[in-house]
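**Q** So that we are looking at the same thing, I have put the structure below in structure tokens.
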Amino acid sequence: MTPIDRRRALRAAAGAAAAGALATSCADGGRAPAAPPPARPAATASAGAAARPAGQPPAAPAPRRHPGQPAQISHGPTGRDRVALTFHGAGDPATARAVLAEAERAGARITVLAVGSWLDEYPEMARRILDGGHDLGNHTMNHVSVNELPEADAFAEITGCADRLRRLTGSIGTWFRPSRTRTATPLVVRLAGRAGYPHVLSYDLDSLDATSPGAAAVTRTVAGQIHRGSVVSLHFGYADTVAALPALLDDLHRRGLRAVTTTELLS
């Protein structure tokens with residue numbers, strides 16, 4: 001082939017490639033441009049969507065700082081008719097789904113602090129919680145007495161669950177709650193901050209549902225102590241909790257209290 005023939009062949013191949021690119025644009029539903037568009041900046045409004053595989057849901061909300069709130073939060077503002085029902089996430093997933101369904105039936109949104117080992121066993125529950133409009137957070141990896149652990153082990157408990165949440169949802173979750181304690185030690189608060197959680201979530205009302213006192217007793221305990229801004233401790237995995245929830249939510253409705261996520265409570 002002569003040099004002239006070679007140049008002609010290269011020009012023909014380039015023309016065919018350009019035609020193929022225009023045909024692809026048309027197949028994607030857009031009108032083919034008359035000329036190749038100029039290069040666009042790397043950061044565009046659709047950059048995140050383009051980087052995400054097709055069909056994959058967006059990342060879950062991440063932790064954020066709530067100005068004016070302490071590092072360890074036990075209740076929300078008392079000036080609004082809102083409360084937060086928070087659930088320790090572990091146990092039979094059928095019971096967990098029943099709690100979620102009952103909350104959604106009543107128009108309530110809850111906060112679930114999931115145990116990492118539970119997420120390993122039932123990974124689908126992470127997306128089920130988020131799809132219902134609820135908060136999802138971290139309740140350590142193995143639900144041990146985190147306050148009593150050496151620093152390295154306590155940090156591993158926090159980050160182990162955070163890693164599971166990130167893998168399943170794209171986020172480490174909105175909240176961290178220490179396991180087997182109502183409040184975290186200063187060390188655990190500091191470790192949670194290092195892991196990415198600006199606040200540790202405690203509570204001001206313990207429903208005592210984990211003692212299995214009966215559904216009526218759970219309802220009485222919560223109804224007798226709840227007030228505007230309350231953060232209530234409840235649990236997945238207990239039949240009494242599921243049985244108590246309809247009457248509890250009805251009581252909140254009668255009193256004009258709205259069950260919202262902890263993020264909403266503090267926003």
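The values are calculated or read from the model by the stated rules, or taken from the named source; none is laboratory data. All figures in this text were calculated on a predicted structure; none of them were measured in a lab. Counting neighbours? That spans all protein chains shown, and the Cβs are built from the backbone with ideal geometry, glycine included. Surface accessibility is based on the protein's heavy atoms, side chains included, excluding ligands, DNA and RNA. Shrake-Rupley method; radii C 1.70, N 1.55, O 1.52, S 1.80 Å.
**Q** With contacts defined as alpha carbon pairs under 8 Å and 6 or more residues apart, what's the relative contact order of the range 117-260 in percent?
**A** For the range 117-260, the relative contact order is 17 percent.
**Q** Right, another one. Please report the relative contact order for the range 158-203, taking Cα pairs under 8 Å with a sequence separation of at least 6, and give it as a percent rounded to a whole number. Walk me through the numbers before you get to the answer.
**A** Numbers: 45 pairs, mean separation 17.6, N = 46.
Once normalised by length, the contact order is 38 percent.
**Q** Explain nothing, just compute: Karplus ³J(HN,Hα) = 6.51 cos²θ - 1.76 cosθ + 1.60, θ = phi - 60°, for every residue of the range 85-97 in order, whole Hz, x for Gly and Pro.
**A** Here the 3J(HN,Hα) series is 9, 10, 10, 6, x, 6, x, 4, x, 5, 5, 4, 5 Hz.
**Q** Roughly how many nanometres apart are two label points built 7 Å out from the Cα toward the Cβ at Thr95 and Asp153?
**A** 2.7
**Q** Between Arg105 and Arg190, what length comes free when the chain is fully extended (0.36 nm per residue of separation minus the Cα-Cα distance, one decimal in nm)? Walk me through the intermediate numbers first.
**A** Working: separation 85, 0.36 × 85 = 30.60 nm, distance 3.81 nm.
The Arg105-Arg190 span can extend by a further 26.8 nm.
**Q** Then there's this: Going 7 Å from the Cα of Ala239 in the Cα-to-Cβ direction, what parts of the range 72-104 have a backbone nitrogen less than 19 Å from that spot?
**A** Answer for this model: 90-102.
**Q** Ignoring ligands, DNA and RNA, what percent of the 1.4 Å accessible area of the range 107-254 is carbon and sulfur? Let's see the in-between values first.
**A** Numbers: 2840 of 5680 Å².
On the range 107-254, the fraction of accessible area on carbon and sulfur atoms equals 50 percent.
**Q** Suppose each label sits 7 Å from its Cα in the direction of the beta carbon; what would the Arg258-Ser74 distance come out to in nanometres?
**A** So the two model labels end up 2.7 nm from each other.
**Q** Can you work out the FRET efficiency for the pair Leu208 and Ala59, with r the C-beta to C-beta distance and R0 = 35 Å, to the nearest 0.05?
**A** On the way: r = 35 Å, r/R0 = 1.01.
The pair Leu208/Ala59 has a calculated efficiency of 0.50.
**Q** I would also like to ask the following. State the Cα centre-to-centre distance between the range 232-249 and the range 88-136 in whole Å.
**A** Comparing the Cα centres of the range 232-249 and the range 88-136, I get a distance of 13 Å.
**Q** In nm, what is the difference between 0.36 nm times the number of residues separating Asp250 and Asp163 and their Cα-Cα distance?
**A** Working: separation 87, 0.36 × 87 = 31.32 nm, distance 3.69 nm.
Roughly 27.6 nm would be gained on extension.
**Q** Given points 7 Å out from each Cα along the Cα-Cβ axis, report the Ala223 to Arg180 separation in nanometres with one decimal.
**A** Label-label distance for Ala223 and Arg180, simple model: 3.5 nm.
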